[in-house]
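Structure first, commentary second.
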Amino acid sequence: MNSLERILRATRLEPVDRTPLVPQLFGHAAVCAGLSLRDYLHDGEALAHAQIRARERYRTDAVFAFLDFGVEAEALGAQLSFGDDRYPDVVGCVLGADDDPARLRLPEPASAGRMPVCLRALRTMRQRLGDSALVAGAVAGPMTASAQLYGIENALFLAIDDPPRLAAALDFSTRLAIRYGLAQLDAGAHAVIVFDPAASPAVVPPGFFREFLAPRLGRVLAALRGGGAAFTWLNIAGPTAGILDCYAHIGADVATFDYYLSAAEASRLLPRTCLAGNLKSLDFLDAAPDVVKREARGLVAAFGGRGGFLLSSGCEIPPEAAAGNIAAMAAALNED
Amino acid sequence: MNGPHSSGPSTEAAFQPLVDALLVGDHKLAAAVAQHLIEQGCSREQVVTDGLEHAMGLLDDKCTVESFNLLEIMLVGRAVSAVVRVLYPDGYAPTEGRATFVIATLEGDVHDLGKNIVRMVLAGKGFRVVDLGRDCPVDDLVGAAQREGAAAVLVSGLISPVVSQVRKLRPALRACGLAHVPVVAGGAALKQLRPEALDVDYVAENAFDGAHYLERHVSGAPTT
């Protein structure tokens, strides 16, 4: 059973030879490869090789062409500020507080901003790995992309001050995620993870999620499935207990859950959905390796009878994480 | 503008429209009602105590760890800010708030939404908050704490690189003779770590949790 087969079986809640190891290692791959984040995020070939090296180092089952949450906004003309060792920030939003999203046009992923970096990385990773391991792409979900277009505070105030305009921004962001995601599938991604941290109940109420975001996320996931994705994956960090139960209706085959929820609670809310999580991401900075290993073993044991589990972190493992902590997570599986 | 000893309507009913406007997040109505109350003879202190603090108390009760979202708090916070601008167009003077805190998002982190929420919550509770903004060097924050006579230093962090900056705060405060000034941290990244791992006095689960700690601190009550 190779890495991709292992993950695919887990997504269908079928038996696997061992729990798939799918930690959210993005910028950490740059650190492992001795690259600055700035270079990693601008060079698809370098990103691909760094991801493959990180996979080999930690013996994980997946590689990711995740860049940062500025990609979509940048492709539409937003100004980003880059640093050598940090992800970029949007410093000039595409839309002012009073702007109408109708003036935006969908970008062409083959040429807009750094979208080609992602596509190049996916092509290279797929060529190198074929179907031996999961090659995953990434898009920002509708709320996160809208927040990047307007700025998070302006986007949230629109929810109350001008709901039709926020709805228009969410609809545009939905089409944007679909177009960019389909381009990633064409470039070789087996699946495209939909990240929507701004949809978390830490930011918007569950009622808002169900009314405004769930239908649009459902459209994104359905389009990705229709475009050939091997499975769909929704990744929302934070305290998602109030929304997790509707992921199955949205059409998510895999659902990330963060450290706020226990394995038992997540399983109760999504009994027939593959779950990915939920090690605390900041534990990878400071926690001793034995702590990470104990937590990881606890998760594997918790899902032992159920299956349908990908061992991961609830959010990104920080780029500056201690390698020993990540290795400890992998070691927990080797002792299965 | 009314002075601290002016009198006016002080019944709960008189302030209910302001509390209602604040809780539904209608910033324009809240500012208009506050202006009306002042014109009716209410003191600024009354508006803060019976209006802002009362509304923030109700919101506080509603926002548990399990039920806390930024959208609702931002809306109330925006309304609070609008009322504070009516009452104190130039902001709270150093002698006017219950205590002064300095707050920032430290160098390397430009995400300031969480910080802004904390600032609005504390303003609604009658505290003076000096906001050093985002991407703020540790030395600037410590300098502001010294200059403003801050009762506490507050930092918010969404991303992990800011952890190393937070750890520099305590030694920098100590070097300036401010070892007695507590440091409170919060935000999605920082709240995953324990106070001793960050070398701070308290890690807040959310804005209200942090405010509770600070209220205990300034009142001299035990903080643990």
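The values are calculated or read from the model by the stated rules, or taken from the named source; none is laboratory data. None of the values given here were measured: they were computed from a predicted structure. All Cβ positions, even for glycine, are placed from backbone atoms using ideal geometry, and neighbour counts span all protein chains on display.
The number of residues in segment B:62-79 being at pLDDT below 90, crowded, with 21+ Cβ neighbours inside 10 Å and more than 8 Å from chain A (Cβ to nearest Cβ) comes to 3.
If B:Phe101 passes every condition in (1) surrounded by 20 or more Cβ atoms within 10 Å (Cβ to Cβ); (2) within 14 Å of chain A (Cβ to nearest Cβ) but one, which one does it miss? Every condition holds for B:Phe101 apart from (2).
Just one of B:Gly51, B:Gly114 is in the same structural domain as B:Lys28 (by TED's automatic domain parsing) and modelled with pLDDT of 80 or more; which is it? If you could, list the steps in order and put the result at the bottom.
Numbers: B:Gly114 fails: in the same structural domain as B:Lys28 (by TED's automatic domain parsing).
After applying the criteria, what remains is B:Gly51.
Looking only at residues in segment B:143-162 that are touching a Gly at 6+ places or on another chain (Cβ under 7 Å) and part of a helix (DSSP H, G or I), the one that is surrounded by the most Cβ atoms within 10 Å (Cβ to Cβ) is B:Val162. Do you know which residues across segment A:150-177 are more than 19 Å from B:Ala79 (Cα to Cα), part of a helix (DSSP H, G or I) and of a type outside the set (Ser, Thr, Tyr)? Those that are more than 19 Å from B:Ala79 (Cα to Cα), part of a helix (DSSP H, G or I) and of a type outside the set (Ser, Thr, Tyr): A:Pro164, A:Arg165, A:Leu166, A:Ala167, A:Ala168, A:Ala169, A:Leu170, A:Asp171, A:Phe172, A:Arg175, A:Leu176, A:Ala177. Considered as a group, the residues in segment A:188-208 that are touching a residue at least 40 places away in the same chain (Cβ under 8 Å), surrounded by fewer than 24 Cβ atoms within 10 Å (Cβ to Cβ) and in a helix (DSSP H, G or I) include one that is nearest to the other protein chains (Cβ to nearest Cβ), and that residue is A:Phe208.
Return the residue satisfying two criteria in turn: it lies in segment A:1-29 and is surrounded by 24 or more Cβ atoms within 10 Å (Cβ to Cβ) and of a type in the set (A, V, I, L, M, F, W, C), and of such residues it is farthest from B:Pro161 (Cα to Cα). Once the filter is applied, the top-ranked residue is A:Ala10. Counting only residues that are more than 14 Å from chain A (Cβ to nearest Cβ) and in a helix (DSSP H, G or I), which one in segment B:163-186 is surrounded by the most Cβ atoms within 10 Å (Cβ to Cβ)? Once the filter is applied, the top-ranked residue is B:Leu169.
For segment B:127-142, residues that are in a helix (DSSP H, G or I) and in contact with a helix residue (DSSP H, G or I) (Cβ under 9 Å, 6 or more places away or on another chain) total 4.
How many of the residues in segment B:36-46 are assigned to a helix (DSSP H, G or I) and more than 15 Å from B:Arg128 (Cβ to Cβ)? Going through segment B:36-46 one residue at a time, the tally reaches 5.
Against the numbered list (1) more than 26 Å from B:Val183 (Cα to Cα); (2) part of a helix (DSSP H, G or I); (3) in contact with a Leu (Cβ under 9 Å, 6 or more places away or on another chain); (4) without any contact (Cβ under 8 Å) to a residue 60 or more places away in the chain, B:Gly25 comes up short only at (2). Out of A:Ala147, A:Ala136, A:Ala183, one residue alone is under 28 Å from A:Ala54 (Cα atoms), more than 15 Å from the chain's Cα centre (by Cα) and not charged (D, E, K, R). It is A:Ala183. Identify the single condition in (1) surrounded by fewer than 18 Cβ atoms within 10 Å (Cβ to Cβ); (2) in contact with a strand residue (DSSP E or B) (Cβ under 7 Å, 6 or more places away or on another chain) that A:Leu244 does not satisfy, given that it satisfies every other one. The one condition A:Leu244 does not meet is (1). A:Tyr180 satisfies every condition listed in (1) assigned to a helix (DSSP H, G or I); (2) in contact with a Pro (Cβ under 6 Å, 6 or more places away or on another chain); (3) within 14 Å of chain B (Cβ to nearest Cβ) except (3). The set of residues in segment A:25-48 that are aromatic (Phe, Trp, Tyr) and free of Cβ contacts under 8 Å to residues at least 60 places away in the same chain contains only A:Tyr40.
The set of residues from segment B:104-115 being within 14 Å of chain A (Cβ to nearest Cβ) and touching a residue at least 40 places away in the same chain (Cβ under 8 Å) comprises B:Thr105, B:Leu106, B:Glu107, B:Gly108, B:Asp109, B:His111, B:Asp112, B:Leu113, B:Gly114, B:Lys115.
Can you find even one residue in segment A:48-64 that is over 22 Å from A:Gly27 (Cα atoms), of a type in the set (Lys, Arg) and away from chain B (no Cβ under 14 Å)? No. Out of curiosity, is B:Ala123 more than 14 Å from chain A (Cβ to nearest Cβ), more than 21 Å from A:Tyr260 (Cα to Cα) and buried (at least 24 other Cβ atoms within 10 Å of the Cβ)? Criteria met by B:Ala123. Considering only segment A:325-333, I want to know if a residue exists there that is surrounded by 23 or more Cβ atoms within 10 Å (Cβ to Cβ) and either touching a His at 6+ places or on another chain (Cβ under 9 Å) or within 14 Å of chain B (Cβ to nearest Cβ) (or both). Looking for residues that are surrounded by 23 or more Cβ atoms within 10 Å (Cβ to Cβ) and either touching a His at 6+ places or on another chain (Cβ under 9 Å) or within 14 Å of chain B (Cβ to nearest Cβ) (or both), one finds at least one in segment A:325-333, hence yes.
When B:Thr95, B:Thr49 are checked against the criterion of being among the polar types (S, T, N, Q), more than 14 Å from every other protein chain (Cβ to nearest Cβ), part of a helix (DSSP H, G or I) and over 14 Å from the mean Cα position of the chain (by Cα), a single residue qualifies: B:Thr49.
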